[in-house]
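Only one structure is covered here, and it is reproduced in the block below.
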Amino acid sequence: MQRIPVVGGNWKMHLTRQEARQLTAAIRAALVDLVGVEVILFPPSPWLADVHDALEGSTIQVGAQNVYWEPQGAFTGEVAAPMLRGTVDHVLVGHSERRIVFGESVWETADKMRAVCDAGLTPLLAVGEPMADLRAGRTNDTLRRQLVEGTRGIAAMPPGLIVAYEPVWAIGTGEPATPAAAQERCAFIRSVIADRYGDEAAEAVRIQYGGSVNAQNVASFIDQPDIDGALVGGASLDAEAFAAICRAAR
Ligand code: PEP
């Protein structure tokens with residue numbers, strides 16, 4: 001099966017409204033002739049509508065960085081999945097900063113995954129091992145747990161599911177995994193999806209590598225048979241660098 005490469009740009013908690021508009025316009029202009037690669041921008045939530053409007057008529061998609069699992073209610077400060085409908089296509093769930101900085105458990109990740117699916121949006125599930133798990137040889141156990149528990153209660157693979165393999169120790173450190181190690185983990189992730197949802201689902205799911213990806217190293221990851229794209233943090237804040245990454249993904 002031919003899987004279309006997919007590149008995500010996670011802007012995290014950066015950029016003013018004006019800067020977000022400018023970056024969106026610059027990325028749009030830089031990628032105007034790009035075909036064969038899906039691109040998703042994940043702006044901070046207050047700028048989602050601005051970015052959505054600035055991308056009107058473009059193939060670049062918009063994603064939310066986070067969501068709450070209840071569909072509505074007295075949850076001050078939270079954003080519900082149904083509220084995102086019409087503005088975003090994808091929702092990032094389980095990013096390591098959510099898991100580690102905000103103490104999000106796998107149960108909460110699963111609740112969020114279900115909320116995203118119930119709202120008819122497409123989840124991008126991020127998984128990855130902390131350094132301690134790598135050192136202790138527990139990486140695959142951690143990945144399996146994050147994948148299996150993180151999709152608890154979801155009987156069939158969500159259509160269009162994207163999984164990002166992001167070793168925690170590689171995020172924002174300038175120290176990416178080696179392409180061979182990333183390939184091994186992504187192949188393992190595909191095998192867990194096969195166990196969970198069957199071979200056809202495993203063939204279809206797109207798996208990104210994330211962690212210190214830049215324009216220079218992205219091709220070495222994308223060339224791997226089980227890596228279908230990249231989730232990019234720091235480098236996605238620079239239109240030229242991000243566009244170069246998207247082009248290399250082709
Ligand atoms: C991320 O936050 O998902 C990420 C991969 O960040 P960076 O590219 O900066 O390592």
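Listing for the model above:
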read-out: Positive-end extreme of charge dipole, the chain - chosen from Cys246, Gly86, Ala194 (charges on Cβ); value: Ala194
read-out: Other-chain or far-sequence residues with amide H under 5 Å of Ile40's (modelled H); value: Val7, Gly8, Gly9, Gln61
read-out: Farthest toward positive dipole pole in the chain [+1 Lys/Arg, -1 Asp/Glu at C-beta], among Ser45, Phe102, Thr122; value: Phe102
read-out: Region 6-249 - percent relative contact order, Cα under 8 Å, separation 6 or more; value: 20 percent
read-out: Whole-angstrom gap from region 91-142 to region 193-247, using each part's C-alpha centre; value: 17 Å
read-out: Area of His52 that stays accessible when all protein chains are in place (1.4 Å probe, Å², to 10); value: 50 Å²
read-out: Packing-based order for 244-250, 177-183, 74-80, 136-142, using average beta carbon neighbours within 10 Å, highest first; value: 244-250, 177-183, 136-142, 74-80
read-out: Order of exposure, largest accessible area first, which applies to Thr87, Thr24 with probe 1.4 Å; value: Thr87, Thr24
read-out: Normalised convex hull volume, region 1-141, alpha-carbon set, Å³ per residue; value: 148 Å³
read-out: Computed over region 134-226, the ratio Rg/Rh where both radii use C-alpha atoms and Rh is Kirkwood; value: 0.97
read-out: Residue with peak Gaussian network fluctuation, the chain [Cα springs, cutoff 10 Å], from Gln72, Gln224, Gln22; value: Gln72
read-out: Nearest-20 debye value, the chain charge dipole, Cβ charges on Lys, Arg, Asp, Glu; value: 140 debye
read-out: Overall dimensions of the chain by Cα: Rg and Dmax, Å; value: 16.7, 48
read-out: Test item: Cα-centred dipole of region 115-199, Lys/Arg +1 and Asp/Glu -1 on Cβ, debye; value: 100 debye
read-out: Region 1-44 - Debye-derived log10 I(q)/I(0), Cα point model, q = 0.18, 0.26, 0.27 Å⁻¹; value: -0.60, -0.98, -1.02
read-out: Value of [θ]222 nm, deg cm²/dmol, for the chain, DSSP H segments ≥ 4, -39500 (n - 2.57) each, nearest 500; value: -11500 deg cm²/dmol
read-out: Cα-based shape type of region 11-89, given that a ≥ b ≥ c are square roots of the gyration tensor eigenvalues and the cut on a/c is 1.5; value: prolate
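The values are calculated or read from the model by the stated rules, or taken from the named source; none is laboratory data. Computed from a predicted model, the values in this text were never measured in an experiment. Cβ atoms come from the backbone with ideal geometry, glycine included; neighbour counts cover every protein chain shown. To get the accessible areas, we keep the full protein, side chains included, count just its heavy atoms, and leave off ligands, DNA and RNA. Shrake-Rupley method; radii C 1.70, N 1.55, O 1.52, S 1.80 Å.
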